[in-house]
Amino acid sequence: MKTSSRETSERLLQHAESRLSPGERMVARLSTDLDWNLHFHAGLVVLTSQRLLHIEEGRFHEWKLAAVEELVLEELGPTTALHLMQDGNAVWHWRITAGHLREVETFISRFKEQRGLAEEGVESGEDDDEELFTPEIASTEPRFAGKPLLRLITFSRPWLGLMLVGLGLTVASTGASLLGPWLTMSLVDDVLIPLQSATHEINVQKVYQFVGGLLGAAVLTWMLQWATTYVVARLAECVTSRMRRTTFEHLQTLSLGYFNKKRTGDLISRIGNDTDDISLFISVNFIDFACDLLTIIFTAGVMFTINPVLALAALGPLPVVAWLVQWVRVHLRGGFAAASRAWSAMNSVLTDTIPGVRVVKAFAQEKREIERFRQHDQQIFDTNDRVNRTWSFFEPTIAFLTEFGLLVVWSVGAWAVAHEHTTVGVLTGFVLYVTKFYSRLDAMSRFVASAQRAAASAHRVFEILDVKPDMPVNKDTRKVGRLRGEIEFKDVRFRHGTRQIIRGLNLKITPGEMIGLVGPSGAGKTTLINLVCRFFDVSEGAILVDGNDLREIDVMDYRRNLGLVLQEPYLFFGTIADNIAYGKPGATRAEIIAAAKAARAHEFILKLADGYDSMVGERGQQLSGGERQRISIARALLVDPAILILDEATSSVDTETEREIQAALDHLVKGRTTIAIAHRLGTLRKANRLVVLENGVISETGTHDSLMKHSGTYARLHAAMEEVNHA
């Protein structure tokens, strides 16, 4: 594999050298090992005295130095992103495993030096822009990235047929709503005006015909509007349901590093509140806007058909309305975005405080939390108040312009009737059309607020969807089925940001062996377990499982071989049986009971009112810490893992409960490769080997007795623990 990679690098370098112009020299180069989808893929970035080059198998791209603003480094845990910036936008990206972080930093430094030297002497490159935006770039950036409402349309593509039906019904219902004023003109001129003259007899039949026509138009409009509302509401639910599911599914693909940087309340707000805002926008606001727009267009056409002079008089205030709409749109855009952020912060306070209410009360911090809530609530109030000040001016102004437009129509219409340029019936119908026109224009102006609110919500949802998973994968990962459980660490290094946590660790664990990880806080014990679970990837080196590089194994298939028992067991809201069977949803009740008996949980479960059907409460709060731990052990037993991870499984319980849990663990570890962390060193005496970590490296390894004789780090930790126990 190494020889193949070297040959590929040499071939790419030769390709780069063949592209150099006369007098152009190579300044620095950077090898990339990932594509933007995080598949392992060799590439080369070359800095020359004039250009920046990107070479892959079959692809070549170039940028003149004067056209590149900067190269931006983004650390993403196990991977690193390098962004090429032009006009404030990232137009190209490279992804590289974190082990090459120093090389990336060096390359950026050389680029800055060369960019400063070449800035004045290099041409800007007027004809290169078309080459920069290749199909490959388009595939890495979401379409309409800066236009979230347009992205909503692309998101609803699976329901194109439903969209077309809704559009057709909207057009039909809008057309039907314009029949009433048209019939009213004839009713006034042919029936009502003649009734004022004593020489005309009342034509009852004609009256009934007009009234019947108006009633029919009203019923037809009602039926079409009902159908339109239902179809569009169904479309809205389909789109937002897909958004919720897609967003949640996408969150499951992201690593722990992403969630470590996000607040739970903010994510909940985006999936819940923001998608609700989008649903309301599509089902109500958007369909109203479509109806309003069509009504305005159709009404304007009818008015010009009836009387162009009156139509021009009626549309006089329209330019002012258009300017106001644009002014309000600009002011509301930032307001609704700020409101969404304020609500997310409020949700984060609630998700912190409500689950932690025991800690709040235990430390008498109720006033502090009330004040924190009050501050965030004040932020929401202030943000909404700024929006309302803008909106309170806008709506009355639109209403005034509407009344002004009607006043103009009545004035011009009265003059036209007096000079016999039109009839009373035409003027009456025209006034009805103008009223409909401006009422729709008023309603349409409200769309500005709802559209900006929906755009802010959609942007927050798409922010999640645009996050790329930061765990590199091979294109051809393979399934391994049931593992034997051999684990080997080969010169493993791991860094998080600027911290080097694991430093060149080598260790081999045989199938069925129990390893105890010991060391002071911050030594890298939990990090090592996270690497074994592949919650993170190594920065350098490799972890081999049964001889296979962990990065080449299908991660879902691999984790079916894992059992995990944490210091703070997490139970989901539901029954005890559901929690035990979480890793094996199809487990029978007999299998669940057998796992509970092996975990020493069966006896206390039977004492509960509903036995295995008892609800554990949110996060298992109905159970004690020791009971929750035994449920988590039963959960691990049920999946029959080949590799077992124990992370401080007994550190937070009393001595008697610890004995119960330890007895359950003794049953659990039999025949399984086990890696255990424990501060209570006595719980690791049954381990085949103890591995002592210090500053990310192995300082000692051996049995309990041999390490005690060695009088090293383990002996000091053991002595310190004994002092604590006797104190």
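ALA601: among the small types (Gly, Ala, Ser) and open to solvent by less than 20 Å² (accessible area, probe 1.4 Å), yes or no? Break it down into steps so the answer makes sense when it comes.
Working: among the small types (Gly, Ala, Ser): yes; open to solvent by less than 20 Å² (accessible area, probe 1.4 Å): yes.
Answer is yes for this residue.
Within the stretch 607-650, restricting attention to residues that are over 24 Å from THR673 (Cα atoms) and in contact with a strand residue (DSSP E or B) (Cβ under 9 Å, 6 or more places away or on another chain), the residue that is most open to solvent (accessible area, probe 1.4 Å) is GLN622. Of all residues in the stretch 91-116, none that is modelled with pLDDT under 80 and hydrophobic (A, V, I, L, M, F, W, C) has its Cβ atom under 8 Å from the Cβ atom of a residue that is open to solvent by 10 Å² or more (accessible area, probe 1.4 Å) and assigned to a helix (DSSP H, G or I), 6 or more apart or on another chain. Closer than 19 Å to GLU488 by Cα and in contact (Cβ under 8 Å) with a residue 60 or more places away in the chain: does that describe GLY504? Yes. Checking ARG242 against (1) surrounded by fewer than 17 Cβ atoms within 10 Å (Cβ to Cβ); (2) farther than 21 Å from ASP276 by Cβ, which single condition isn't satisfied? Failed condition: (2). Note on the stretch 554-610: residues that are of a type in the set (S, T, N, Q), in a helix (DSSP H, G or I) and touching a residue at least 60 places away in the same chain (Cβ under 8 Å) amount to 0. Residues in the stretch 51-99 that are surrounded by fewer than 19 Cβ atoms within 10 Å (Cβ to Cβ) and among the charged types (D, E, K, R): GLU56, GLU57, ARG59, GLU62, LYS64, GLU69, GLU70, GLU74, GLU75, ASP87. Consider the stretch 508-564 and keep the residues that are under 16 Å from ILE698 (Cβ atoms) and among the basic types (Lys, Arg). The one that is surrounded by the most Cβ atoms within 10 Å (Cβ to Cβ) is LYS525.
State all residues of the stretch 568-591 that are under 23 Å from ASP647 (Cα atoms) and either β-branched (Val, Ile, Thr) or in contact with a Leu (Cβ under 9 Å, 6 or more places away or on another chain) (or both); if no residue qualifies, say none. Passing the criteria: LEU571, ILE576, ASN579, ILE580, ALA581, TYR582, GLY583, LYS584.
The values are calculated or read from the model by the stated rules, or taken from the named source; none is laboratory data. Since this is a predicted model, take the numbers as computed values, not measurements. As a convention, Cβ positions derive from the backbone with ideal geometry for all residues, glycine included, and neighbour counts pool all protein chains shown. Keep in mind that these areas ignore ligands, DNA and RNA; they rest on the heavy atoms of the full protein, side chains included. Shrake-Rupley method; radii C 1.70, N 1.55, O 1.52, S 1.80 Å.
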